[in-house]
Amino acid sequence: MPPARLKCGGRGTLALMKGKKRILIVEDDYETGFLLTELLKLHNFDPLWAKDGAEGIEMVEKEMPDMILLDIMLPKVSGTEVLSVLKSRPRVKEIPVLMCTILNKLNEVEKCYELGASGYITKPYDPKRVIDKVRSIFEAS
């Protein structure tokens, strides 16, 4: 069985060499994070998982994912704060961010887009919709 990650220089991994897109999930709820991880694996993505906003910021800088699925309601640092921080950093500001939350208020959606989010999806998740949204954001970027 090959190692889960083999370094191949820079931010590359064996998964990236095979063409898999790396997606960082920033989600504090264990069940939701686990289900998103498994869903992304099923669709040939390479998921990573941070369990709070502070860890999410750190992992983005370290792992340089191709996309971020970011929950709005997080401990330590909220999703909107994480988004604001990431979009202010030149090295990572172009990474597409799909906001994920139980909130479906128009002002939250507008705030996320103003901060630079690429899209928005509400919980409970429809697996097909999640994958369709992820793919459409990749196609647009």
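The values are calculated or read from the model by the stated rules, or taken from the named source; none is laboratory data. These figures come from a predicted structure and were not determined experimentally. Cβ atoms come from the backbone with ideal geometry, glycine included; neighbour counts cover every protein chain shown.
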Exercise for the section: Scan the range 77-109 for residues that are at pLDDT below 90 and among the basic types (Lys, Arg) and report the count. Expected result: 1
Exercise for the section: Return yes or no: is ILE137 aliphatic (A, V, I, L, M), assigned to a helix (DSSP H, G or I), under 22 Å from LEU39 (Cα atoms) and modelled with pLDDT of 95 or more? Expected result: yes
Handout entry: Filter pass, LYS87 being in contact with a Lys or Arg (Cβ under 9 Å, 6 or more places away or on another chain), within 15 Å of LEU24 (Cα to Cα), surrounded by fewer than 21 Cβ atoms within 10 Å (Cβ to Cβ) and basic (Lys, Arg)
Key = no
Exercise for the section: Mind listing just one residue for me: the one in the range 21-37 that is touching a helix residue (DSSP H, G or I) at 6+ places or on another chain (Cβ under 9 Å) and not in a helix (DSSP H, G or I) and, of those, farthest from GLU81 (Cα to Cα)? Expected result: LYS21
Completion exercise
For GLU94, the lone unmet condition from (1) surrounded by fewer than 17 Cβ atoms within 10 Å (Cβ to Cβ); (2) under 16 Å from GLY33 (Cα atoms) is (2)
Problem - Residue count for the range 38-72, restricted to those that are outside any helix (DSSP H, G or I) and farther than 14 Å from ILE25 by Cβ - result: 2
Exercise for the section: With the checklist (1) assigned to a loop (DSSP other than H, G, I, E, B); (2) in contact (Cβ under 8 Å) with a residue 40 or more places away in the chain; (3) of a type outside the set (Lys, Arg); (4) touching a Leu at 6+ places or on another chain (Cβ under 7 Å) in hand, flag the one item PRO75 doesn't pass. Expected result: (4)
Exercise for the section: Write out, first by first residue and then by second, each pair whose Cβ atoms fall under 8 Å of each other, whose residues are 6+ apart or on separate chains, and whose first residue, in the range 29-52, is among the acidic types (Asp, Glu) while the second is in a loop (DSSP other than H, G, I, E, B). Expected result: ASP46/THR13; ASP46/LYS20; ASP46/LYS21; ASP52/ASP28; ASP52/LEU74; ASP52/PRO75; ASP52/LYS76; ASP52/VAL77
Exercise for the section: Those residues that are of a type outside the set (A, V, I, L, M) and farther than 16 Å from ILE121 by Cα, I need them from the range 69-94; list them, please. Expected result: PRO75, LYS76, SER78, GLU81, SER84, LYS87, SER88, ARG89, PRO90, ARG91, LYS93, GLU94
Problem - the range 70-118 - residue that is under 20 Å from ARG22 (Cβ atoms) and β-branched (Val, Ile, Thr) and, of those, farthest from the chain's Cα centre (by Cα) - result: VAL85
